[in-house]
Each structure stands twice: as C-alpha cells, then as structure tokens.
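Each remark here refers to the structure printed beneath this line.
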Number of protein chains: 2
Amino acid sequence: MAEDSLKPGCVLCRATDEDIIVQNDKWRIIFVDDVHYPGFCRVIWKKHIREMTDLSLEDRQVLMQAVWHVETALRKVMQPDKINIASLGNQVSHLHWHIIPRFNDDVHFPDPIWAAAKRSAKADRLDSRKSLLPELRKTIIALCQNSY
Amino acid sequence: MAEDSLKPGCVLCRATDEDIIVQNDKWRIIFVDDVHYPGFCRVIWKKHIREMTDLSLEDRQVLMQAVWHVETALRKVMQPDKINIASLGNQVSHLHWHIIPRFNDDVHFPDPIWAAAKRSAKADRLDSRKSLLPELRKTIIALCQNSY
C-alpha cells in the first residue's frame, strides 16, 4: 500500500495483530476477536478512506461483494438466526464493515451488539460455534477466490 | 406489491405511518422519527426479504445505490462528522438499512446510537439540523430521480 494512501496513527492503516482470513490489494477480511461473537468478521478497505461515497461506484461494489461473500459463508457454515451488517467508524474513521452472525441466545439478541447485554453467555453454544471457525475460514477463502 | 411477497403481521410489509421521501416498485426511503437524530433515514426493500444475500446481485446493487444516494445527500446537506450505515433486522427481519448522520455532540457519539447515551441533547443543535430536513428531502429525491 502506497504511503500516501495511509494515515499516520490510524490503527486500521497499520494493524499488526489481525487474524487475516483473506486479502487482496484493495481489502482484507479478518476475524474479530470477540468472546461473545465467534464468526464476527470485518472487511477493511486498505486505503485510508472515510465514507463509502468517497469510493468510486466500482470500488463500492468491490467492497460490498466481499461483505456478501462473508454473509454467504456465515449463513452456510453457522446458520445464524440473523446477519447484522454495519459500517460505523465513529471511533476509527477508516472504512470497514462489521458482519456479525446473531443467534437468539446470544448475549444481546434481539438488540444490536452495542446495546447493554440482556443475558449471560452460554458456554456450550459458544464452544460449538467456535468449532466452526476453520470451516468458515475455508468457505470465505473459496468464495473470494472465485471473484475479486 | 403482490400479496405473496408480503408477510402477514410484518410491520414493514404494511407500514401506514411512515414519512416517505421517495419510492419506486422495489424500495422506499423514509425519514425515521428519532428525536435525537434528525436526518436519520431508512431504506426499506418492499418485498419481505430477510437478508441481503436472499436478493440477486443486481437487486443488492439497486438497494445499495439507494443507500449511497441517502449518504450523498446527508453529507451534502447536513455535513455530519460521520455517516453510520447498518442492516440489523433482529427485531423486524424484513430487509432494511439505517443511514444515520452522526455529530460529535450527539447523545451517543462516538458510540453507536444503540449504546447507552453519553450526554444530554443540545436543543439548539437539533433545531438547526431539523431545519435542514426539507432540503435533505429534495436532495434525496433529486438523486434518486437520476438513477433507479
């Protein structure tokens, strides 16, 4: 990535501790390390861009295609009750999308994961979901290999 | 909308109290009545669809184009500090997108609007933002008239 498309001090421009599932020259897909949400993925645009409409229409479609691949893989492998997708960036204004598999027994359901927790976690359910992560990783990689 | 593409009892299939900005045969864009977020818009797919990947790729692009038009209009008219975009649907699993103009003095910033409030509202700032809604409505309509 050319230096002039990165921003000094931005934690998403030069992240070093990410679990990268797959990447190309435009974006990377990572697992988010969230104890309550195994399978939570993030798609990060590599250049330091603030909003979707700062991208060309073509690049928006490239980025959203990666988001749809993650959603497709999450549905196939984890069969969640709902998919949540969000691009917020109030804390780190470097364009990224959250794709979160939601289950009706997760700690916030049916509220967004950013609301107050409604119940305690069920360890056996979380363990069961964590066991799917290798298959999820393989499925995301396979989908992305078939399109840009 | 054909009856077989609607779901009995779904509040988004047969909403009657919405402030519709613009619509076509596939989607409608409405103002969300949220006292803390004047300019908060929702793009609702008309058929009762659950997830983005239940739509064809072409229809996903049609829906996201409406989302980008709202983002473009919000940035032009309201000049927010950040745009937040989300498709959640845990409570109403009928496909819709939230597009929210965020300001660093709003009640939740920099947290998502679903988190606990961090401060009280500034009435003069809210009044100033509300005064932009007619211009926002016109701008969204104009953008949508130039593309499907």
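The values are calculated or read from the model by the stated rules, or taken from the named source; none is laboratory data. The model shown is predicted, which means the values in this text are computed figures rather than measured ones. Please note: Cβ atoms are built from the backbone with ideal geometry, for glycine as well, and neighbour counts cover all protein chains shown. In case anyone asks, the SASA skips ligands and DNA or RNA and just uses the protein heavy atoms, side chains included. Shrake-Rupley method; radii C 1.70, N 1.55, O 1.52, S 1.80 Å.
Can you give me the % of accessible surface on region B:71-148 that is carbon or sulfur? Probe 1.4 Å, all protein chains present, nothing else counted.
Details: 1750 of 3500 Å².
Of the solvent-accessible surface of region B:71-148, carbon and sulfur hold 50 percent.
Under the √(5λ) rule applied to the eigenvalues of the Cα gyration tensor, what semi-axes describe the equivalent ellipsoid of region B:75-119? Give them in Å, descending.
Working: eigenvalues 89, 47, 7 Å².
Sorted largest first and rounded, they come to 21, 15, 6 Å.
Just order B:15-25, A:104-114 by mean Cβ neighbour count inside 10 Å, highest at the front, would you?
The densest-packed peptide leads the list: A:104-114, B:15-25.
I'd like the distance separating the alpha-carbon centroids of region B:67-117 and region A:1-29, in whole Å.
25
Return an integer: the convex hull volume of the alpha-carbon atoms of region A:1-53, in Å³ per residue. Display every interim value, and only then the final one.
Working: hull volume 5.4 nm³, N = 53.
For region A:1-53, the hull spanned by Cα atoms encloses 102 Å³ per residue.
In a Debye calculation with equal point scatterers on the alpha-carbon sites of the protein assembly as shown and no solvent, what is log10 I(q)/I(0) at q = 0.07, 0.15 Å⁻¹?
-0.26, -1.32
Distance in whole Å from the A-onto-B rotation axis to the closest C-beta of chain A, together with the residue it belongs to, please.
A:A86, 2
For peptide B:70-79, compute the average count of partner chain beta-carbon atoms within 10 Å of each residue's beta-carbon. Don't jump to the answer; show the numbers that get you there.
Working: counts 1, 5, 3, 1, 2, 4, 1, 0, 0, 0.
Partner Cβ neighbours, averaged per residue: 2.
With a probe of 1.4 Å, find how much accessible area the protein assembly as shown has per residue, and write the answer as a whole number in Å². Write down the numbers at each step before the final one.
Numbers: 13670 Å² over 296 residues.
Value for the protein assembly as shown: 46 Å² per residue.
Give me the percent of the accessible area of region A:1-55 that comes from carbon and sulfur atoms, probe 1.4 Å, all protein chains in place.
Solvent-exposed carbon and sulfur of region A:1-55 make up 48 percent of the total.
Roughly how much accessible area, to the nearest 100 Å², goes out of reach of solvent when A and B pair up, both sides summed, probe 1.4 Å? Intermediate results must be reported in sequence, preceding the final value.
Values: alone 8350 and 8380 Å², together 13670 Å².
Looking at A and B, the buried total is near 3100 Å².
Using only the alpha carbons, work out the radius of gyration and Dmax of region B:53-136 in angstrom.
14.8, 44
Rounded to the nearest angstrom and ordered from largest down, what semi-axes does the equivalent ellipsoid of chain A get from its C-alpha gyration tensor (root of 5λ)?
Working: eigenvalues 141, 61, 38 Å².
In descending order the semi-axes read 27, 18, 14 Å.
Charges only on Cβ, +1 for Lys and Arg, -1 for Asp and Glu: so what's the dipole of the protein assembly as shown about the Cα centre, in debye to the nearest 20?
Details: 42 positive and 40 negative charges, 16 e Å.
Value, rounded to 20: 80 debye.
Pop out a list of residues from region B:40-64 that are at least 50 Å² less accessible with all the protein chains around than in their chain alone; 1.4 Å probe, no ligands or nucleic acids counted.
B:E51, B:T53
Using the Cα centre as the reference, give the magnitude of the dipole from point charges on the C-beta atoms of region B:1-108 (Lys, Arg: +1; Asp, Glu: -1; all else neutral), rounded to the nearest 20 debye.
Working: 13 positive and 16 negative charges, 39 e Å.
I would put it at about 180 debye.
Give the cysteines in chain A for which no other Cys Cβ lies under 4.7 Å away, or write none if there are none.
Unpaired cysteines in chain A: A:C41, A:C144.
List for region B:99-126: residues with 50 Å² or greater reduction in accessible area, all protein chains versus chain alone, probe 1.4 Å?
B:P110, B:P112, B:W114
Here is the link list: A:K76/A:K130; B:K26/B:K47; A:K26/B:K76; A:K46/B:K76; A:K7/A:K47. Which ones come out longer than 18 Å on Cα distance? Write out the running numbers ahead of the final one.
On the way: A:K76/A:K130 15 Å; B:K26/B:K47 7 Å; A:K26/B:K76 27 Å; A:K46/B:K76 25 Å; A:K7/A:K47 9 Å.
Beyond 18 Å between Cα atoms: A:K26/B:K76; A:K46/B:K76.
Hydropathy at least -0.5 by Kyte-Doolittle, axial extent at least 27 angstrom from the Cα trace: which helices of chain A, defined as entire DSSP H runs, fit? Kindly include the intermediate steps, with their values, before the conclusion.
On the way: long enough: A:57-78 (31 Å, 0.02).
Span-like helices here: A:57-78.
Picking from A:W27, A:V92, A:M52, whose Cα lies most toward the positive end of the charge dipole for region A:1-95 (charges on Cβ: Lys, Arg +1; Asp, Glu -1)?
So the residue we want is A:M52.
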